[in-house]
Amino acid sequence: MAAESKAMRRNLLVDKISVLVADDHVTVREGLAAMVGRQADMIVVGEAVNGRDAVEQWRKHRPDVSLLDLRMPILDGVAAIDEIRRQDPSARIIVLTTFDTDNEISGAIKAGAKGYLLKDAQREELLECIRKVHAGDMCIPPSLIAKLAAGISHEALTGRELEVLALLARGKSNKEIGKNLYISVTTVKSHLRSIFTKLNVLSRTEAITVASRRGLVQI
């Protein structure tokens, strides 16, 4: 009888999409788990409270699809995706986040995410995304694809330019930037000209705004 019961449970799991939910906000995590768990074709096999926990939970349960927040403590979403996919390149992962900059979208996709949705997505959109990713398809809304394409089309900033940009966003003057980076004011101005060209902007304020929108700096 016990053996028959275990066999029935195994058959039930085989017929459903197993889902791992990872989010450090308990209300969001439990809400997602409850919503997914109510679907006839899905079952939640694990809940993770941070990126490291997500990797461990994935290793333990080997879910069909994982829902991962992008910004989590201990290990962020992109790093968690990277670790999971090193163990199994075919792992199917959907990023569910509040952040939609082209830099963050491209980072998640490059790490191997098969889907990218914002947390304000409609319930049916999320559930359909889980089904599509489980079936082997990509799932990225057209609006986010447009942002991703826009980011790819821009010439990348160098490491030094990103350092200058970060200090610029903190309100530093050219002289202060030069002092922080041990470079001359003339070199700072040269970097700023290059940054303005690459971001297609004309002023410091516009550069900070565009860089923030693209996820290059946080203000």
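Distances between placed amide hydrogens fall under 5 Å for Met42 paired with Ile17, all partners being 5 or more residues away or on another chain. Most tightly packed first, judged by the mean number of other beta-carbon atoms within 10 Å of their residues, the peptides 66-73, 134-141 read 66-73, 134-141.
Note down the magnitude of the dipole of the chain about its Cα centre, charges +1 on Lys and Arg C-beta and -1 on Asp and Glu C-beta and zero elsewhere, to the nearest 20 debye.
Dipole of the chain, to the nearest 20 debye: 620 debye.
Taking only the alpha carbons of the chain, we obtain Rg and Dmax values of 21.4, 82 Å in that order. Which entries of Lys60/Lys114; Lys16/Lys60; Lys110/Lys198; Lys16/Lys114; Lys119/Lys189; Lys110/Lys172 have Cα-Cα distances beyond 28 Å here? Exceeds cut-off: Lys119/Lys189; Lys110/Lys172.
Once backbone amide H atoms are built at 1.01 Å from N, Arg92 has Ser66 as its partners under 5 Å, excluding neighbours fewer than 5 places away on the same chain. Globularity index of region 159-213 is 1.00 (Cα radius of gyration / 2.2 N^0.38 Å, N = number of residues). The packing ranking, built from the mean of other Cβ atoms within 10 Å per residue, places the peptides 170-178, 125-133 in the order 125-133, 170-178, highest first.
Could you tell me the relative contact order of the chain? Use alpha-carbon pairs under 8 Å, at least six residues apart, and round to a whole percent.
After rounding, I find 14 percent.
When its C-alpha radius of gyration is set against 2.2 N^0.38 Å (N residues), region 27-117 gives a value of 1.01. In this structure the amide hydrogen of Met72, modeled in the peptide plane, comes within under 5 Å of the amide hydrogens of Gly77, none closer than 5 places in sequence on its chain.
Taking θ as phi - 60° and the Karplus parameters 6.51, -1.76 and 1.60, the scalar couplings of region 53-58 work out to 4, 4, 5, 5, 5, 5 Hz in sequence order, x denoting glycine and proline. Can you tell me how region 64-174 classifies by the Cα gyration tensor, rounded, prolate or oblate, using a/c under 1.5 as the rounded cut? Here region 64-174 falls in the prolate category.
Quick note: the coordinates plus some simple rules give every number you see, no bench work behind them. Values in this document were obtained by computation on a predicted structure and should not be read as measured data. Counting neighbours? That spans all protein chains shown, and the Cβs are built from the backbone with ideal geometry, glycine included.
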